[in-house]
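Asks: One structure is given below, represented as structure tokens, and several questions about it will come after.
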Amino acid sequence: MKTLLSVATLILGLTAFGGQAETASVAVKSLRQAEVTTALAADAMPTYPTKGKAIERTFIHQPPLIPHKDSYPITAKKNGCLTCHSTDKAAKMKATAVDKSHLEADGKFNNEYYFCVQCHVAQADNKDAIVGNTHSK
Ligand code: HEC
Ligand code: HEC
């Protein structure tokens, strides 16, 4: 445990100090008893746009990007997104209500839209280097 803690401290120290330190020297054993001599520094934490601000859309009917973390649980029992974005809670939570297209004719939520992150993706600014492509409009 002690070794683990000092490794964690070392890695934390390195990331705080040098940004993206590649590796750190360590001397620990894996669960399979293999010697581990280097540890990768943790990835940079994602940073999201200013809280409470929507991101401008780039094309009509684009599912708007999520300007905050997207790790709210979506399970059979609970939809963490609807706790802020459902039509009855949105105003109170200062969030935009789901689009009318996500509702049934009687105004109830249409469960075909239940899995929000199928269409909406979070936007953070720690993106990997963009890979070139030949797509044109
Ligand atoms: C704690 C409340 C809260 C939760 C939970 C939450 N959001 Fe949000 N969301 C906000 C707020 C506040 C904004 C910024 C105001 C706005 O544009 O709605 C926002 C913005 C958005 C937007 C941009 C809307 C636009 O018009 O551009 C999308 C899309 C979105 N959220 C999707 C989601 C999804 C998907 C989840 C679940 C993974 C989720 N939100 C969970 C509060 C929340
Ligand atoms: C099948 C794809 C899809 C799913 C699933 C989906 N959305 Fe959307 N959402 C869209 C599209 C597309 C739009 C943009 C509608 C338009 O402008 O025509 C949108 C718009 C929105 C908006 C902006 C509404 C506005 O008035 O600006 C919010 C907020 C939102 N969705 C939240 C959610 C949440 C929360 C969930 C899950 C409970 C969800 N969406 C599930 C595709 C989806």
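Each value in this text was obtained by applying a stated rule to the coordinates, not by laboratory testing. Keep in mind that what you see is a predicted model, and the values were worked out from it rather than measured. No Cβ is skipped: glycine too gets one built from the backbone with ideal geometry, and neighbour counts run over all protein chains shown.
Asks: I'd like to compare 29-41, 98-110: which one has the highest average count of other Cβ atoms within 10 Å, and what's the full order after that?
Replies: In descending order of packing, they fall as 98-110, 29-41.
Asks: I've got another one for you. Check VAL26: other-chain or 5+ apart residues with amide H under 5 Å from its amide H, H built from backbone geometry?
Replies: It is THR38, ALA39, by chain and number.
Asks: Amide H neighbours of THR87 under 5 Å, counting only residues 5+ apart in sequence or on other chains, H built in-plane at 1.01 Å?
Replies: It is VAL98, by chain and number.
Asks: Oh, and also: Can you list, bin by bin at 5 Å, the percent of alpha carbon pairs in the stretch 42-131, starting at 0?
Replies: Bins of 5 Å from zero give 3, 12, 20, 25, 20, 11, 6, 3, 1, 0 percent of pairs.
Asks: Ranked from highest to lowest mean number of other Cβ atoms within 10 Å per residue, what is the order of the peptides 80-90, 57-67?
Replies: My ranking of the peptides, most packed first, is 80-90, 57-67.
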